[in-house]
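Values in this text are rule-based calculations from the coordinates and carry no lab data. Only a predicted model underlies this, so the values are computations on that prediction, with no experimental measurement involved. A quick note on method: Cβ atoms are made from the backbone with ideal geometry, for glycine too, and the neighbour counts reach across all protein chains shown.
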Amino acid sequence: MNNQLEFLKTVRPFNVLSEDVLHGVAELLQEVKYTKDTPIYHQEVTKMRGVDIIAEGEYEAFFYDSEHNKRVIEHHHMGYCYGGVSVLLNRKRSLRSVIAKKGTVVYFLHRRDFRALCQTNEAFFQFFTGEFGKRMINDEYAHFVKKPTTFEQNYIASDQLYSRRIESIEYRDMVSCPQDTPIYEAAKWMAEQKVSCLFVKDTQENIIGYVTDITLRDNVVARQVQVHEPVSSIMDNPIVSIPTEAYVYEAILLMFRTQTRYLLVEENGAYLGFISRNKLLSEQAQSPFMFIQSVRLARSVVELRRRWEKVPEIVYQLLSRGVKPEIVNQVITTVSDTIALKVIEGVIDEMGTPPAKFAFIVLGSEGRKEQTLKTDQDNAIIYEDKANEQRELVREYFLAFADQVSERLDKIGFSFCTGGYMAKNTKWTHSLSHWKRNYVSWMKEPDPDKVMKFSAFFDCRYIYGEASIVDELKVFLDEELQKPLGRFLFHMANNAMQYEPPLTYFKNIKTFTVGSQEVFNIKKAMTPIVDMVRVYALQNRIFKTNTGERLEALMEIGVFKEREYQELMQSYYYLMSMRLKKQAVQIINDKSEPENYIDIRSLTKIEQVTLKEIFKTISNFQTNVKVKFTNALFS
């Protein structure tokens with residue numbers, strides 16, 4: 001027994017117990033030996049009699065998917081205690097399948113004795129819940145815990161649509177012609193090669209455009225262009241490419257965003273062939289991408305509203321199938337962008353050609369491609385500078401244009417921004433030079449209001465018009481960020497401290513009462529991550545807008561370590577998944593407006609434990625940001 005007592009002193013979390021208690025525990029232990037590789041526990045089936053402490057040998061723990069593949073494999077050795085989480089949080093059922101390797105010896109402690117230790121020692125109990133919370137931040141681990149494969153579709157099958165890469169798709173060889181080829185010869189060449197897309201090359205063999213059957217209809221026949229003209233005069237643009245390692249869903253979303261029907265497939269800087277939108281969509285008959293296609297084909301505001309009302313069902317289905325929340329965000333964003341483009345194009349058709357080049361941009365969560373189902377309008381217009389005599393005419397057009405766009409978006413379901421951050425507001429429709437002055441003003445004299453404005457507009461994303469206008473604004477901002485910034489970054493960092501994770505002094509989840517519910521605001525819980533990552537992106541002049549993409553870029557330049565990157569990514573998107581599902585359920589089942597309140601009593605023990613670990617992670621990062629930028633201010 002003395003050997004067992006000394007051993008327990010080295011085992012976490014038994015090492016937090018007093019020697020008297022450990023002496024009593026040692027007397028309760030039963031030794032179990034395994035002489036061959038033995039399956040001893042099966043996930044969600046085996047009822048745990050207690051916990052096992054490995055004294056010699058090894059446990060292989062994993063999840064079986066429905067095809068009997070081992071997933072999330074872990075190897076545990078001497079000193080590891082298996083079964084605590086299963087007993088405490090999973091109805092005494094083993095969370096994972098376990099094989100005891102040959103020569104393994106374990107000390108078994110009955111669950112009634114294990115529970116007694118948990119009830120009398122908080123630190124002992126918190127070890128198991130804390131470790132489990134950290135594991136649950138891992139998407140794949142969480143998937144199997146929340147969706148046991150004994151009764152639900154497996155992870156691979158549910159995520160197959162979103163894990164398939166472009167290299168697995170059969171793409172077509174490119175057929176091309178020189179830019180000075182007469183139109184009629186180009187059409188003849190397309191007929192001979194039996195292709196509906198012909199790529200056009202310049203004298204250096206670079207692809208500069210393409211011609212399709214629709215190009216010939218719209219740009220030649222409809223306009224009565226002479227067929228002896230060079231094909232370059234009627235070709236379509238832009239040329240859009242995607243690398244072979246990209247995912248299929250990324251290709252489809254890219255096609256919708258750029259409104260192109262064809263993508264060139266690229267590898268190591270060379271084009272291997274091309275794929276069409278129809279080809280990709282034909283393989284996704286039941287996917288949300290066919291729904292996005294139906295949005296593109298909608299012909300009225302009423303029809304667009306009906307499409308938007310269907311989005312909560314799609315979101316709920318995707319999340320229930322195990323699709324990652326960052327992908328669901330992209331689907332919502334693409335639907336939203338597609339609706340906005342339809343509205344913008346419709347208004348331009350009615351009002352006539354704009355009197356100046358312009359860019360329609362989206363801000364905030366929409367700009368970051370992190371929209372949820374509780375969303376309003378966040379947008380602005382930037383138009384090119386014009387001569388004095390034209391300024392009033394140009395401004396008058398775009399203010400009327402913005403008013404029409406905002407009114408129609410409101411009717412579809414994108415309500416007016418209560419803070420006025422939308423193009424309908426005369427303050428957010430201006431010339432490029434005016435926007436440059438805005439940025440300088442916000443940075444030179446920062447206060448809470450200006451910091452909020454800068455944050456929203458730093459997250460801006462172009463969706464329609466002249467991309468070069470937004471590019472010029474970003475080049476200007478990049479130059480400004482290289483100048484002495486005074487207290488600007490300090491104020492931005494201070495803004496990231498405004499929302500504290502909802503944790504009590506004793507590390508429980510802090511709630512407040514709304515009606516009969518005990519809730520916390522999940523949007524405010526997520527906000528510190530967005531704000532902190534934005535500050536680091538600003539400091540390092542990273543102009544990506546998406547929080548996940550910013551995090552990845554910051555990791556690549558060494559600002560965040562791999563572990564820190566994973567912790568923040570997993571924390572953020574775990575919260576995003578919970579937020580999206582809650583909102584979808586409210587809309588679908590409750591027929592009510594979505595909100596950002598989560599009733600703590602509606603969460604399982606597993607979810608509560610996971611949230612505590614996430615809030616601890618956020619709190620630690622806030623402390624780091626505070627120290628870093630406060631020191632920078634006074635250094």
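Rounded to the nearest 10 degrees, the inclination of helix 467-481 to the longest alpha-carbon principal axis of the chain is 60 degrees.
With each label modelled as a point 7 angstrom along the Cα→C-beta vector, the T35-D180 pair spans 8.8 nm.
With one equal scatterer per alpha carbon and no solvent term, the Debye-computed log10 I(q)/I(0) for the chain at 0.05, 0.09 1/Å reads -0.30, -0.89. With contacts taken as Cα pairs under 8 Å at a separation of at least 6 residues, the chain carries a relative contact order of 11 percent. Convex hull of alpha carbon positions in the stretch 173-275: directionally averaged projected area 6.5 nm². Taking each of K444/K544; K524/K544; K605/K628; K102/K612 in turn, the alpha-carbon distance tops 26 angstrom for K605/K628; K102/K612. Across the stretch 238-255, computed HN-Hα scalar couplings (Karplus, 6.51 cos²θ - 1.76 cosθ + 1.60, θ = phi - 60°) run x, 7, 10, 10, 8, x, 5, 7, 5, 7, 4, 4, 5, 5, 5, 5, 4, 4 Hz from first to last residue, x flagging Gly and Pro. Rounded to the nearest 500, the 222 nm mean residue ellipticity of the chain from helices alone is -15500 deg cm²/dmol, with -39,500 (n - 2.57) taken per DSSP H run of at least 4 residues. For the residue pairs K357/K561; K310/K523; K9/K510; K342/K483, the C-alpha atoms sit more than 32 angstrom apart in K357/K561; K9/K510; K342/K483.
The aspartates and glutamates within cross-link reach of K92, meaning a Cα-to-Cα straight distance under 16 Å and a gap of 8 or more places when in the same chain, are E44, D52, D113. Basic side chains Lys and Arg get +1 at the Cβ, acidic Asp and Glu get -1 at the Cβ, and with that the dipole of the stretch 323-377 about its Cα centre reaches some 200 debye. Approximating the spin labels as points 7 Å out from Cα along Cα→Cβ, the N237-to-N206 distance works out to 1.1 nm. Run the quick spin-label model on E267 and E549: label points 7 Å from Cα toward the beta carbon, then report their separation in nm to one decimal. Placing both labels 7 Å along Cα→Cβ, they lie 2.6 nm apart.
Put one equal scatterer on each alpha carbon of the stretch 70-115, apply the Debye formula with no solvent term, and list log10 I(q)/I(0) at q = 0.16, 0.19, 0.27, 0.28 1/Å to two decimals. Here the Debye-derived log intensity ratios amount to -0.51, -0.72, -1.23, -1.27. Name the shape class, rounded, prolate or oblate, that the alpha-carbon gyration tensor gives for the stretch 270-354, where a ≥ b ≥ c are the square roots of its eigenvalues, rounded holds for a/c under 1.5, and otherwise prolate holds if a/b is larger than b/c and oblate otherwise. Note, shape of the stretch 270-354 comes out oblate.
Its Cα gyration tensor gives the stretch 253-402 an equivalent ellipsoid; the semi-axes, largest first and in whole Å, are 31, 21, 15. Counting neighbouring beta carbons within 10 Å and listing from fewest to most, the residues V328, V295, V227 come out as V227, V295, V328.
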